[in-house]
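The values are calculated or read from the model by the stated rules, or taken from the named source; none is laboratory data. Please read all numbers here as calculations on a predicted model, not as lab measurements. Glycine also receives a Cβ, built like all others from the backbone with ideal geometry; neighbour counts cover every protein chain displayed.
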Amino acid sequence: MPEAAFTTCPYCGVGCGVEVTREADGWKVRGDDAHPANLGRLCSKGAALGETLSPDGRLLYPEIGGQRVNWDTALDAVADGFRQVIEKHGPQAVAFYVSGQLLTEDYYVANKLMKGFIGSANIDTNSRLCMSSAVAAYKRAFGTDTVPVCYEDLEQADLVVFAGSNAAWAHPVLYQRVAAAKRKRPHMKIAVIDPRRTATSDIADWHVALKPGSDAVLLDGLLVHLADAGKLDETFIAAHTEGFDAALDAARAAAPTLDAVAAACELDPHLLAGFYAAFTDTEKVVTLWSQGLNQSSSGVDKGNAVINLHLATGRIGRPGMGPFSITGQPNAMGGREVGGLANQLAAHMDFAPADVDRVRRFWNAPRIAAAPGLKAVDLFQAVTSGAVKAVWIVATNPAFSLPEADAVRAGLAGCELVVVSDCVRDTDTVREAHIWLPALGWGEKGGTVTNSERCISRVRPFLDPAGEARPDWWMFAEVGRRLGYADAFDFADEAAVFREYADMTNFENDDTRDLRLGPLATLDTAAYADLQPVQWPLADDGTSRARLFADGRFYHPDRRARFVAVTPRPPARAANGADTLVLNTGRLRDQWHSMSRTAKTARLTAHRPEPFVEVHPDDARRLHLADGGLAHLLGADGEMLARVRLDDGQRPGSVFVPMHWSDAHARRARVNALLGTITDPISGQPEFKHAPVVVAPWRPHWQAFLLSRQRLADLPGEYACEVRAKGHWRYELAGDGKPADWGVWVHDTLRGSGEWLEYADPTGGRFRAARLRDGRLEAAAFVARGDSTLPERDWLGRMYAEDHIDDAARMSLLVGRPGKGMVDAGQSVCSCFSVGLNTIIEAIREHDLQTPEAIGALLQAGTNCGSCVPELRRIIAETRVAG
Ligand SMILES: Nc1nc2c(c(=O)[nH]1)N[C@H]1C(S)=C(S)[C@@H](COP(=O)(O)OP(=O)(O)OC[C@H]3O[C@@H](n4cnc5c(=O)[nH]c(N)nc54)[C@H](O)[C@@H]3O)O[C@H]1N2
Ligand SMILES: Nc1nc2c(c(=O)[nH]1)N[C@H]1C(S)=C(S)[C@@H](COP(=O)(O)OP(=O)(O)OC[C@H]3O[C@@H](n4cnc5c(=O)[nH]c(N)nc54)[C@H](O)[C@@H]3O)O[C@H]1N2
Ligand code: SF4
Ligand SMILES: [Mo]
């Protein structure tokens, strides 16, 4: 294996290039200065990649029924299992569920097997939950699923609108590029459309904090405003589009006046007028949208409402402008290219008869699927009903990430055959498998990914495989061979897969499909190994295009784009804002989905260590929710527990819960247990952003936290959460039924040799214990009554770095308060340099710091990836107000 490699970050769709080098103390990860996506930058997650590579927790060997087997046995079992179901019940009774975190090569082979050879289109992907609404919107408008802009457009724009995107946390490097461009060109304006205040709205000139789910009214109103202000591009509309009049009529009906929009969206009319005026008067506008629009029961219409604005003003295909659906996962785009969704075929073909025939001939496919397959939510309902009897789940965790997650899990538990390929041994989905296939992880596997601006980058291996892990494409090819299709799946390596895919993009493509990889179809293995980032479409001579549709030619048969008439629909299940609040869910800065990698590094878990619900102080007062207390959340389909965080940036009547906690890291903290299977009728994308929820205080009889150098299992409590901290594990616990004797229980749980310190106050309900060995802290337990408070965690955790716990520190352990000279840095704010909240507040007070830059100069916080800068600014404001 090499000592250094250039590869691509495995997290978000920005697709940053990274340079990894082996150094004495492990792998060092830096931003690749030459990569066009990030030009050397990395965010907190990318920068911490080197700390996530340890083999602990990995799935290392194939297993059947929990028993280790060899690969041949496992693959034979998969092939036999699928063959038997197909023979008995037909190809519609089997399914694959794959992921935007697969590489293009993996994705391509999976698709070829299911759609071309098994003969069913029951292969869908978690991208269904992610950007299938945007795909459908692009296809309706352009006749092709194509992002017409590039990242530079965001820097060249005079107005960037973030609609339903918290890019500062979800696409940090791209957000940093926008923030830097704004610093350079202060006349550049930013609007953020989001019901809650976010880190992204930190740089907003207009934070349009609209009523949840009301975006279509806002966007329709803007179309009306453009028309009334005489700012339409009549020439473009006439020459290149269809359907404008109907779209404007629908918009007028829904949003006749600015005041009507302000009322419907519950916005200040002045703020709305300011935003509308900026959009109307600025030529170079990029509207970047994400899950706040997509994850909605009318997500496709919302995407089209955005695109309508750009078509109506001709602001498309030219520098600094365009409608930009940003993708979430590292290879969501690659999946779209090779037909990852159940309603597409590979290489931008779909189920039109001519396409089906072309794909059949290209693959020489014996049993090509002729009609779309089941979309994710329907697919798992079919698993539950028994219509699908064998399912192979790859690189995704549906028992965690789909709505009605408990039902999905129950469906898997009742399914005849569940095959799971994953890198880790314990996820909510992996627990339900019959056959486990260990997959190569980041650093071990090679292939390509496509980022949000259509840029294809190489992912390169630099680590030996963990255990017997193998590439996903290889597993599909091996099963294909075992099903009798040796020739079709005879790929020597991933380069061979890539060539075939690239060739398919060129096949009978007389500019009827914009996706073309031209000369990449003939890359030899060496050239593939060296492939530099390259944006499609590629002409035969290798020239690529950063922007599309500049010529006004689209991909509907008549080459004209389509306006779509959008009649706004409210969220399917309404909350009244009083007894039922709107449950909004989404992402945190330092965690990635079910945290299978990001929870491995203490730097990343420190920012938001526990599952929480963010509540506006007014709602909290009304509902008797205390900051730092626990809450019970009841949705239509399930319930959860979470820590309460008060935040006045929350919209009153709405709460925010991060999506990240699953049973692998916490107990009763799966937010998707609450959400119903409401989907967009066209795209099938679930409504993850607005569900009614009842939030009430949950008052446990006892609460506790444990610190331990060893990982612990089987802890008591209705509520439990595991946190990887520096040098130790922390467990946050709370419950009603408590152990008979805390002393006995703690000794049992934290057992081991050494010296015990103990403090018990049975009447006060307090119990504290610590075990020291060779002068170092091994384990500690802090128990209190449910209505009292526990010590701060940060300074206690820091004791794990000490080689000798002196008398003063022992005393501190027992009284639960930092002693003289011990610092309580508080919860982490900057994860790059591990700088805590208390340290920052103190520095602001002591040195009268007024800017994030001043904090950075003193404490380094915010000077590396910059992701915490919005938070620093808020801390400054709040500290200065508090005095
Ligand atoms: N740190 C981190 N980054 C990630 C990921 C991760 O897990 N962690 N995942 C990646 C993936 S797969 C994806 S898809 C992207 C998602 O990236 P984003 O879509 O930016 O992230 P979310 O937090 O899901 O949601 C965005 C915002 O939508 C807002 N919203 C809720 N309701 C509405 C509404 O009615 N209207 C509007 N306008 N906004 C609303 C939410 O308040 C939230 O701030 O992130 C990617 N990047
Ligand atoms: N409430 C709520 N729910 C949501 C969302 C939301 O905003 N709110 N967002 C939705 C969105 S946009 C998304 S994208 C999904 C994400 O949800 P999931 O896809 O379910 O989440 P991950 O934790 O990323 O799961 C990826 C799994 O793949 C494994 N893995 C990683 N690399 C590889 C590989 O190369 N091969 C194999 N075989 N396995 C690998 C990891 O170990 C991990 O277990 O969640 C969706 N669910
Ligand atoms: S922005 Fe961060 S998570 Fe996204 S690709 Fe870049 S380094 Fe990775
Ligand atoms: Mo996503």
- Query: Which of the residues spanning region 96-127 are within 16 Å of ligand 2 (Cβ to nearest atom) and not in a helix (DSSP H, G or I)?
  - Reply: F96, Y97, V98, S99, G100, Q101, L102, L103, I123, D124, T125
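Give the residue, chosen from D355, D281, that is out of contact with any Asp or Glu (no Cβ under 6 Å at 6 or more places or on another chain), within 27 Å of V217 (Cβ to Cβ) and away from ligand 2 (no atom under 15 Å from the Cβ).
Values: D355 fails: within 27 Å of V217 (Cβ to Cβ).
Selected residue: D281, the only one of D355, D281 that is out of contact with any Asp or Glu (no Cβ under 6 Å at 6 or more places or on another chain), within 27 Å of V217 (Cβ to Cβ) and away from ligand 2 (no atom under 15 Å from the Cβ).
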- Message: I'm trying to understand the selection: among the residues of region 191-247, which are closer than 23 Å to G653 by Cα, in a helix (DSSP H, G or I) and of a type in the set (V, I, T)?
- Response: T200, V217
- Task: Might you check whether a residue that is in contact (Cβ under 8 Å) with a residue 60 or more places away in the chain and not polar (S, T, N, Q) occurs anywhere in region 731-748?
- Result: yes
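So is C16 farther than 21 Å from V479 by Cα, within 16 Å of ligand 4 (Cβ to nearest atom) and touching a helix residue (DSSP H, G or I) at 6+ places or on another chain (Cβ under 8 Å) or not? Break it down stepwise before answering.
Details: farther than 21 Å from V479 by Cα: yes; within 16 Å of ligand 4 (Cβ to nearest atom): no; touching a helix residue (DSSP H, G or I) at 6+ places or on another chain (Cβ under 8 Å): yes.
So C16 does not fit the description; no.
Give region 66-85 a look and list any residue that's modelled with pLDDT of 95 or more and not in a helix (DSSP H, G or I), or say none. So that I can check it myself, show each step before the final result.
Here is the first cut: in region 66-85, the residues modelled with pLDDT of 95 or more are 67-85.
Result: Q67, R68, V69, N70.
Of all residues in region 497-540, which are among the charged types (D, E, K, R) and within 21 Å of G446 (Cβ to Cβ)? Spell out how you get there, then give the answer.
At the first step, the residues of region 497-540 found to be among the charged types (D, E, K, R) are 499-500, 503, 508, 510-511, 513-514, 516, 524, 530, 540.
Scanning region 497-540 gives R499, E500, D503, D524, D530.
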- Hey, does region 237-257 have a residue that's surrounded by fewer than 24 Cβ atoms within 10 Å (Cβ to Cβ), over 29 Å from R553 (Cβ atoms) and basic (K, R)? yes
- If you check L174, L154, L210, which single one turns out to be at negative phi, within 16 Å of ligand 4 (Cβ to nearest atom) and outside the structural domain of N864 (by TED's automatic domain parsing)? L174
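Restricting region 666-689 to residues that are within 11 Å of ligand 2 (Cβ to nearest atom) and either free of Cβ contacts under 8 Å to residues at least 40 places away in the same chain or assigned to a loop (DSSP other than H, G, I, E, B) (or both), which is nearest to R128 (Cα to Cα)? Steps first, please.
To start, the set of residues in region 666-689 that are within 11 Å of ligand 2 (Cβ to nearest atom) comprises 670-675, 685-689.
Checking which are either free of Cβ contacts under 8 Å to residues at least 40 places away in the same chain or assigned to a loop (DSSP other than H, G, I, E, B) (or both) leaves us with 670, 674-675, 685, 687-689.
On the way: R670: 20, L674: 19, L675: 16, Q685: 6, E687: 12, F688: 12, K689: 15 Å.
So, considering only residues that are within 11 Å of ligand 2 (Cβ to nearest atom) and either free of Cβ contacts under 8 Å to residues at least 40 places away in the same chain or assigned to a loop (DSSP other than H, G, I, E, B) (or both), the one nearest to R128 (Cα to Cα) is Q685.
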- Task: Please tell me if G320 is outside any helix (DSSP H, G or I), more than 30 Å from T677 (Cβ to Cβ), modelled with pLDDT of 95 or more and in contact with a helix residue (DSSP H, G or I) (Cβ under 9 Å, 6 or more places away or on another chain).
- Result: yes
- Within region 574-600, the residues that are out of contact with any helix residue (DSSP H, G or I) (no Cβ under 6 Å at 6 or more places or on another chain) and surrounded by fewer than 19 Cβ atoms within 10 Å (Cβ to Cβ) are A574, N576, G577, A578, D579, L588
- Of D205, D194, D228, D158, which residue is among the acidic types (D, E) and either within 25 Å of the chain's Cα centre (by Cα) or buried (at least 24 other Cβ atoms within 10 Å of the Cβ) (or both)? D194
- Query: Filter region 261-296 for residues that are touching a Cys at 6+ places or on another chain (Cβ under 9 Å) and assigned to a helix (DSSP H, G or I); which is nearest to ligand 1 (Cβ to nearest atom)?
  - Reply: Q291
- Query: How do the helices (runs of 4 or more DSSP H) wholly within region 792-883 filter down when requiring 2 or more residues that are acidic (D, E) and either under 30 Å from V178 (Cα atoms) or in contact with a Pro (Cβ under 6 Å, 6 or more places away or on another chain) (or both): which remain?
  - Reply: 869-882
- Query: Within region 587-606, is there a residue that is within 30 Å of L309 (Cα to Cα) and within 25 Å of the chain's Cα centre (by Cα)?
  - Reply: yes
- Within the set of pairs 6 or more residues apart or between chains, which connect a residue that is closer than 18 Å to L174 by Cβ and within 14 Å of ligand 1 (Cβ to nearest atom) inside region 38-56 to a residue that is part of a loop (DSSP other than H, G, I, E, B) and of a type in the set (S, T, N, Q) with Cβ atoms less than 6 Å apart? C43/S867; S44/S831; S44/S867
- Query: Looking at R670, is it of a type in the set (K, R), surrounded by fewer than 24 Cβ atoms within 10 Å (Cβ to Cβ) and either at pLDDT 95 or above or touching an Asp or Glu at 6+ places or on another chain (Cβ under 6 Å) (or both)?
  - Reply: no
- Note on the structure: Among residues of region 128-150 being within 15 Å of ligand 2 (Cβ to nearest atom) and part of a loop (DSSP other than H, G, I, E, B), the residue surrounded by the most Cβ atoms within 10 Å (Cβ to Cβ) is M131
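Table: residues versus (1) assigned to a loop (DSSP other than H, G, I, E, B); (2) touching a residue at least 40 places away in the same chain (Cβ under 8 Å); (3) more than 29 Å from the chain's Cα centre (by Cα).
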position: H310; (1), (2), (3): no, no, no
position: Q329; (1), (2), (3): yes, yes, no
position: G334; (1), (2), (3): no, yes, no
position: R358; (1), (2), (3): no, yes, yes
position: A365; (1), (2), (3): yes, yes, yes
position: A370; (1), (2), (3): yes, no, yes
position: L379; (1), (2), (3): no, yes, no
position: A382; (1), (2), (3): no, yes, no
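Yes/no matrix, rows are residues, columns are (1) in the same structural domain as T450 (by TED's automatic domain parsing); (2) in a strand (DSSP E or B); (3) within 12 Å of ligand 3 (Cβ to nearest atom); (4) of a type outside the set (D, E):
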site: T21; (1), (2), (3), (4): no, yes, no, yes
site: D33; (1), (2), (3), (4): no, no, no, no
site: L39; (1), (2), (3), (4): no, no, yes, yes
site: L42; (1), (2), (3), (4): no, no, yes, yes
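Table: residues versus (1) more than 26 Å from the chain's Cα centre (by Cα); (2) part of a loop (DSSP other than H, G, I, E, B).
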residue	(1), (2)
Y528	yes, no
L548	yes, yes
A565	yes, yes
A574	no, yes
D579	yes, yes
N584	no, no
A620	yes, no
L625	yes, yes
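For S120, are the conditions met, namely being within 16 Å of ligand 1 (Cβ to nearest atom), farther than 16 Å from A204 by Cβ and touching a residue at least 12 places away in the same chain (Cβ under 8 Å)? Explain how you work it out, then say what you get.
On the way: within 16 Å of ligand 1 (Cβ to nearest atom): no; farther than 16 Å from A204 by Cβ: yes; touching a residue at least 12 places away in the same chain (Cβ under 8 Å): yes.
In short, no.
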